[in-house]
Every structure is written in structure tokens, then in C-alpha cells.
1. With all protein chains present, calculate the accessible area of S147 using a 1.4 Å probe and round the result to the nearest 10 Å².
2. Express the carbon and sulfur contribution to the solvent-accessible surface of the chain as a percent, rounded to the nearest whole number, probe 1.4 angstrom.
3. Ordering T101, T150 by accessible area with a probe of 1.4 Å, largest first, what comes out?
4. Can you give the percent of C-alpha pairs in segment 117-158 whose distance is more than 16 Å?
5. Which whole-number percentage describes the relative contact order of segment 124-175, with Cα contacts under 8 Å and a sequence gap of 6 or more?
6. In the chain, with Lys and Arg counted as +1 and Asp and Glu as -1 at Cβ, which of these residues, H60, G22, Q75, has the Cα nearest the positive end of the dipole, that is, farthest along it?
7. Please state, as a whole number in µm²/s, the translational diffusion coefficient that the Stokes-Einstein equation yields for segment 54-114 at 4 °C and 1.567 mPa s, with Rh defined as the Kirkwood radius across alpha carbon pairs.
8. Distance between the C-alpha centers of segment 105-124 and segment 126-174? Whole Å please.
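The values are calculated or read from the model by the stated rules, or taken from the named source; none is laboratory data. These numbers were taken from a predicted model, which means no experiment stands behind them. Glycine gets a Cβ as well: all are built from the backbone with ideal geometry, and neighbour counts include every protein chain shown. Surface areas here come from the heavy atoms of the whole protein model, side chains and all, with no ligands, DNA or RNA. Shrake-Rupley method; radii C 1.70, N 1.55, O 1.52, S 1.80 Å.
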Amino acid sequence: MKTFLGTGLLGAGFVRAMIGKGEQVQVWNRTSSKAKELEQYGAKAFESIDEAVVNADVVHLALKDDASVDEALKQAEAGLKPGAIIADHTTTSVEGAKKRTAEWQSKGFSYQHAPVFMGPQNALESTGFMLVSGNQDLIKKFEPQLSTMTGKLVNFGEEVGKAAAMKLTGNLFLVAFTAGIADTLS
């Protein structure tokens, strides 16, 4: 069983792709109607996070930022299955990824930051790039599941937070490139 917290455009695409591959997925979103919309595809929507994560072996997140991830995980903690893996696809800070990795490990859970370079259609089609770094034993164990979600899984090695740094660097490049093209055209 999997749970997906955050069913906006990206999260909804991931959920629909998981269901299309035969996965059972429980969902939650701050705006509950977005989670409810996924029931037509076979997801089970929940009003509260702690109920949404019950019995989930893997809890995926695609939220707004560090604060929203921390808040959601705090609310989910009571319902988390012992030993569950937390896969965070949110673009967050390096410091936040490092902090959550250590914090959740100390509580007996595996936290894997796995930000993505993809849009909603890529999530639905399982194409694009997913970045990981950190505990290589966890990544090796989790790689088959993550690889089904993306066209390319890029492993940046042992350094916790490196995937976050590369995602932020990539975003900076895209913003600068887009601004450069806009300036050139104007």
C-alpha cells in the first residue's frame, strides 16, 4: 500500500500513474476536493493525514516547501506504519533534506528526498528526471519503485542533501535561461 500526500498537478499525475500500474494508493491533500477527484481513478481519499498513511509501506509527498513537508509529516507521524519509507518529491532546501533524513531515521523511518524535474504530464507518463542522494543501501532497495515513477533516476551519491542542491541549481539555471531568452526576444 502506498500513500501520496499532496495531490496537486504533479501529485495527481503520480497517483494516476501508480494506479495505472496496479498500485493501491491512499491520498490526502490540504484541499480535500483535489484528493477526492482521484477516487474516480481508484484512489482512496482521506480527510486527515494520519488516517491516510495507515498501513502504507511507502508515503510519497509532493508539497510546497520545507514548512509544508514538516507540518504534513508531523501530522502523519501517529499513523505511520513502523519502518515505513518516506519519499519526498518536494523541492526543498538542502538543510531541510538533511534535517528530515536524520530526524526520521532517529524515529525508525527511512526518509528519502527525491525531487523531480518534470511537469504534471511527465508524472502521469512516468517520464522526466528524479534525483536522489544519501544512504546508498536505502536507494538500492528503493530504486526499483522510484524508477517506475520516472524516465531517469539520477543518483548523486552518499551525500545527504546533494539531490536537493542539484534540484535548486537546476531551477536557478532554468529561471536564468528563461529570463535570458525573454530579454533577448524583447
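1. Taking all protein chains as shown, S147 has close to 50 Å².
2. Answer for the chain: carbon and sulfur cover 55 percent of the accessible area.
3. From most exposed to least exposed: T101, T150.
4. The calculated P(r) of segment 117-158 puts 33 percent of pairs beyond 16 Å.
5. This gives 43 percent for segment 124-175.
6. Among H60, G22, Q75, the one farthest towards the positive end of the dipole of the chain is G22.
7. Estimated diffusion coefficient is 114 µm²/s.
8. Centre-to-centre distance over Cα atoms comes out at 8 Å.
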